[in-house]
Amino acid sequence: MANLMVNPTRMELTRLKGKLRTAQRGYKLLKDKRDELMKRFLDTVREVQALRKQVEEELMRVHGSFTVASALMSGPVLEQALMYPKQRVELDVSFQNIMSVQVPRYTFKTRTDDSGDLYPYGFAHTSGELDDAVRALGQVSSAMLRLAEVEKTAQLLAREIEKTRRRVNALEYVVIPNTEQTIRYISMKLEENERATTTRLMKVKEMLLEQAMEEQRARDAQALERFRS
């Protein structure tokens, strides 16, 4: 509802017109931001779906290889082979600004570049299926990390879209209409005051004119009386 409890003055009218222009510019900018965020969000969701499908398929292959390896090797031997990893991974987190949203960017690097360090065991007492499983797990790690990054980006974009949508709706359905209604109210009051002032001035002018005419008639009468005498 518009705020009609305002002083209907020209200064207040000028202030409200400035507020209305600012609200309209803000509405346009926020609407453009919301549309661009929606585009980025939909692109991100499609990437999430593709990555999730890829990761699930690769994890199924890893699981199958580990299942075969565990069937060919005894439990203690398999556990001992994987007990002491040789390779170590370091994860770095940075942030990228997307439409004022800080989204994470994950990067990881291994302690060494030697591909042999991926296998923490010797090859004499292990099966080739275990080698395939470890190699596939190492390959799927980067896709899993990218999936986590993209899913978090989608969550942050969705949150920002909802926040921007509420602001756009507040401007479109509350702030701008109420301000326009208040401007119309003040303009109407000022026009009424101007008409009332004009009417009073015309009335005063008529009274002054009538008074001047009466004074002129009195002077004419006095002059005529002196002429006769």
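Computed quantities for the displayed model
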| read-out | value |
| --- | --- |
| Residue, most open to solvent (accessible area, probe 1.4 Å), within the stretch 95-109, restricted to residues that are farther than 12 Å from Lys152 by Cα, under 13 Å from the mean Cα position of the chain (by Cα) and not polar (S, T, N, Q) | Met99 |
| Search result, residues across the stretch 163-191 that are open to solvent by 60 Å² or more (accessible area, probe 1.4 Å), out of contact with any helix residue (DSSP H, G or I) (no Cβ under 8 Å at 6 or more places or on another chain) and closer than 23 Å to Gly18 by Cα | Arg166, Tyr173, Val174, Gln181, Arg184, Met188, Lys189, Glu191 |
| Boolean, Glu149 is in a helix (DSSP H, G or I), farther than 27 Å from Ala50 by Cβ, of a type outside the set (A, V, I, L, M) and touching a Phe, Trp or Tyr at 6+ places or on another chain (Cβ under 8 Å) | no |
| Test: Glu160 is among the acidic types (Asp, Glu) and open to solvent by less than 30 Å² (accessible area, probe 1.4 Å) | yes |
| Exclusive hit being in contact (Cβ under 8 Å) with a residue 24 or more places away in the chain, in contact with a Leu (Cβ under 9 Å, 6 or more places away or on another chain), over 30 Å from Glu47 (Cα atoms) and among the aliphatic types (A, V, I, L, M), set Leu157, Leu171, Leu145 | Leu171 |
| Selection count where residues are closer than 22 Å to Lys33 by Cβ, surrounded by 18 or more Cβ atoms within 10 Å (Cβ to Cβ) and of a type outside the set (A, V, I, L, M, F, W, C), scope the stretch 127-157 | 1 |
| Of all residues making up the stretch 13-60, the number that are open to solvent by 80 Å² or more (accessible area, probe 1.4 Å), more than 21 Å from the chain's Cα centre (by Cα) and of a type in the set (A, V, I, L, M, F, W, C) | 1 |
| Yes/no for Glu225 being open to solvent by 80 Å² or more (accessible area, probe 1.4 Å), over 24 Å from Glu12 (Cβ atoms) and part of a helix (DSSP H, G or I) | yes |
| Test: Val68 is in contact with a Ser or Thr (Cβ under 9 Å, 6 or more places away or on another chain), part of a helix (DSSP H, G or I) and within 28 Å of Ala133 (Cα to Cα) | yes |
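The values are calculated or read from the model by the stated rules, or taken from the named source; none is laboratory data. All values reported here derive from a predicted model rather than from experimental measurement. As a convention, Cβ positions derive from the backbone with ideal geometry for all residues, glycine included, and neighbour counts pool all protein chains shown. Just the protein is used for accessible areas: all its heavy atoms, side chains included, with ligands, DNA and RNA removed. Shrake-Rupley method; radii C 1.70, N 1.55, O 1.52, S 1.80 Å.
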